[in-house]
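The values are calculated or read from the model by the stated rules, or taken from the named source; none is laboratory data. Computed from a predicted structure; not experimentally measured. Ideal geometry is used to build each Cβ from the backbone, glycine not excepted, and the neighbour counts take in all protein chains shown.
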Amino acid sequence: MAGLKSLAKDTAVYGMSSIVGRFLNWCLVPMYTHVFPDEQYGVVTLVYSVVALLLVCLTYGMETGFFRFANHERWKDSLQVYTTALTALGCSSILFAVITLIFSDFFAGLIDCAGHPSYVWMMGFAVSIDAFASLPFAYLRYKRRPMRFATLKLVGIGINIGLNIFFILLLPRLASVGILTWMWSDDFGVGYIFLANMIASVVTLFLLLPELKLKWSFCGTLLREMLVYSFPLLVLGLAGIMNQSIDKILYPLLVSDKAEAMSGLGIYGANYKIAIIMVMFIQAFRFAYEPYIFSQHKNQAGDRSKEGYVQAMKWYVIFGMLIFLGVMEMMDVVKWFIAPSYFSGLRVVPIIMIAEFFFGVFFNLSVWYKVTDRTIYGTWFSILGLVVTLAMNFVLVPAIGYMGCAWAALCCYGVMMFASWIVGRRKYPIGYDVRSALFYFVAGIGIWGVTSLLQSFTNMPDIVLWGLRIIAIFTYIWIVFVKEGIRLSRITIKK
């Protein structure tokens, strides 16, 4: 129970930095969607989808590999594990930055940025730094220093947001009155978004210097073992991020009209941002969960460690469905984070949120192959999901546009989740409370469904409708209190 409380505490701290940071980045979406037309925002969506793939390639599973070997029975020196992995990431990141700079014109043509090679080398430089910085951040997680982790993350995000506001809103006004005219170019457009990102990455790396001023020790044998362990995680991560990003990369190729394709991609990408609330929760949980599962496996024997995994899964489901219900019931407010011209894509939000919820369940289930060093199974599950994603995108996108991308994501993560659960029951049985998970899932979907039907088929005043939505959220919370027997003040609500 103490370990679970520690997990909850760390999740709260990591979650705060993740939620606040993502929320602040999220607040940039109205600015982007009002300043840039949807086809230019489509370029931003496409570039960051490619960046997500590159970041996975350049970290090649070393974060999880570091946690595994830092807690390994054979390798007692965690600092040697850290510096060995850091050396490898540093070399690969520098090599990628050089290649990106040399071939920036060629890569710009591949991602529909012809004429703007600076977009490519700026983001290539930023990705190289972020890939290298991922391990110092992992080291902070290993050392259980969530406050420094959160602070550095928020500082980097704050710099990025501040520069976005300066470049996009203030700089054109200053240039119009003859101030800083050398910094402004109408043709640079969304490039200012990438420039802000690159500068923020450089500053973050500078702030991480204390985590780099250590006694470095490199071990080739250790690195080989880490690469063998981490390579399946690379394929897993690559297939996983492709499941998240490949729809946005493929979309312009599957829609015949180029202008319509970039416009639709911009609308889909903007509405995808609304569902990012679920992604924030999953990311916060992941930051705390990976160190937790390996320490549980190392320090707790047999069923005691498994009980922690069971409880973590149950509370993930409870809070995940609460987040889904809260967003959907408050959609009339949440939707204003994007420009009204993008509202046509709001129908993808519930589908994407459930898809991301399924992915979080899959991540929870991944404990069985990570602690038993059978990470190859994660690779097979992700490849299975990728096959589903590709097949459904090729079939659905030409017929129903970006809605096909959303349904493909839902089916992909649903298949991965189910496959991992089925195989895990045989390879490393964990007695998850499946009935409770299904109950909370159905309860969340059902409550939202009832309020949606009432809204659609009745003409209730807005004040009554808002009251109904608030009651719906508290009804779910009340159900959790009753089912879990949670004490509220001196009152115990019995099961």
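A few notes on this one:
- The set of residues in the stretch 249-266 that are surrounded by 23 or more Cβ atoms within 10 Å (Cβ to Cβ) and under 16 Å from V51 (Cβ atoms) contains only L265.
- A399 being in contact (Cβ under 8 Å) with a residue 12 or more places away in the chain and hydrophobic (A, V, I, L, M, F, W, C): no
- Residue that is over 17 Å from D38 (Cα atoms), assigned to a helix (DSSP H, G or I) and free of Cβ contacts under 8 Å to residues at least 60 places away in the same chain, where the choices are G320, G326: G320
- Selection count, the stretch 342-378, where residues are of a type in the set (S, T, N, Q), part of a helix (DSSP H, G or I) and in contact with a Pro (Cβ under 9 Å, 6 or more places away or on another chain): 0
- So S230, is it in contact with an Asp or Glu (Cβ under 7 Å, 6 or more places away or on another chain) and either of a type in the set (F, W, Y) or part of a helix (DSSP H, G or I) (or both): no
- Residue that is buried (at least 17 other Cβ atoms within 10 Å of the Cβ) and of a type in the set (D, E, K, R), where the choices are R435, R469: R469
- Among the residues of the stretch 380-406, those that are within 27 Å of W421 (Cβ to Cβ) and among the hydroxyl-bearing types (S, T, Y) comprise S382, T389.
- Residue count for the stretch 300-331, restricted to those that are modelled with pLDDT under 85 and more than 19 Å from K483 (Cβ to Cβ): 9.
- Matching residues, the stretch 176-199, being part of a helix (DSSP H, G or I), hydrophobic (A, V, I, L, M, F, W, C) and more than 22 Å from Q40 (Cα to Cα): W182
- The residues listed here are Y476, Y432; of these, the one that is aromatic (F, W, Y) and part of a helix (DSSP H, G or I) is Y476.
- Qualifying residue in the stretch 416-429 (condition: outside any helix (DSSP H, G or I) and more than 30 Å from T45 (Cα to Cα)): yes
- Some residue of the stretch 271-283 being assigned to a helix (DSSP H, G or I) and either modelled with pLDDT of 85 or more or more than 19 Å from the chain's Cα centre (by Cα) (or both): yes
- Close pairs (6 angstrom Cβ cut-off, 6 or more residues apart or separate chains): under 29 Å from S217 (Cα atoms) in the stretch 83-111, polar (S, T, N, Q) and assigned to a helix (DSSP H, G or I) anywhere: S93/S128; F96/S128; A97/S128
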